[in-house]
Amino acid sequence: PRYTMLAAAILFIFTAAAVLGWRLLEPGHRLRRVWQVAAAITVALWIIWLPNQYDLLSTVDQDLSDQALVERDLEDLVDDGAFYANGTDDVRCLPISAPNHRAVPRLAFWLDIKPTDVVSVAAEQQPRTGLFLAPAREFTIENFILDPGDETRTVTRPPSGFREVARNRSWILYSNCPTGGSTGNAPLSTGP
């Protein structure tokens, strides 16, 4: 919605000119009647178009609500301490593998770590150790992870050796931490 605000404002200015501009012409002006017909057509088009836009806005609102739910679940996983070593404020181990780039800034901010400590496995190689965040259900994939045009690049299964450490309705967190705690750069594998 915020991205369309300027375009909508400009559209409404032109619509107002189209619908009410004929009033600026002198009565009896030869273009006044033509402009009135154009104004009536513009109003008719708005009447036809608005119900469709209401449905579209309802769909966008539902999509944004679904995305917010999945994002809240991710934040809840952080707030519940799933990413932290027992009883500390230190992340269990690094890097954290996320299904795509969308989770990278959120996890980095919430966990107070560098964004480079969060790996988007859709764009980079999958580390063999660390934490792996995966979607818990199809709803998560549809509302947070997948670019509909590029389903093949999303890794949603952890590599071998990772074990589940936490889950909620949207996310599953897996761990394969090396002995000795947090590591900044884990060795990379070629995939799951």
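The values are calculated or read from the model by the stated rules, or taken from the named source; none is laboratory data. All figures in this text were calculated on a predicted structure; none of them were measured in a lab. A quick note on method: Cβ atoms are made from the backbone with ideal geometry, for glycine too, and the neighbour counts reach across all protein chains shown.
Taken over segment 55-103, the criterion of being of a type in the set (G, A, S) and under 16 Å from L133 (Cβ atoms) is satisfied by G81, A82, S97, A98, A103.
Kindly establish whether L94 is surrounded by 12 or more Cβ atoms within 10 Å (Cβ to Cβ) and either farther than 25 Å from V121 by Cα or not hydroxyl-bearing (S, T, Y) (or both). Yes: the conditions hold for L94. Among the criteria (1) of a type in the set (A, V, I, L, M, F, W, C); (2) closer than 30 Å to N143 by Cβ; (3) surrounded by 10 or more Cβ atoms within 10 Å (Cβ to Cβ), the one W46 does not fulfil is (2). For segment 54-75, the tally of residues that are loosely packed, with under 11 Cβ neighbours inside 10 Å and at pLDDT 95 or above stands at 0.
Rundown of residues vs (1) touching an Asp or Glu at 6+ places or on another chain (Cβ under 8 Å); (2) in a helix (DSSP H, G or I); (3) not assigned by TED's automatic domain parsing to the domain that holds I13, yes/no style:
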position	(1), (2), (3)
V43	no, yes, no
Y54	no, yes, no
L57	no, yes, no
D63	no, yes, no
G87	no, no, yes
H101	no, no, yes
V104	no, yes, yes
F109	no, yes, yes
I113	no, no, yes
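Here L131 does not fit the description of being among the hydrophobic types (A, V, I, L, M, F, W, C) and touching an Asp or Glu at 6+ places or on another chain (Cβ under 8 Å). For segment 160-183, indicate whether the set of residues that are at pLDDT 85 or above, farther than 16 Å from E75 by Cα and under 15 Å from the mean Cα position of the chain (by Cα) is non-empty. No; the residues of segment 160-183 include none that is at pLDDT 85 or above, farther than 16 Å from E75 by Cα and under 15 Å from the mean Cα position of the chain (by Cα).
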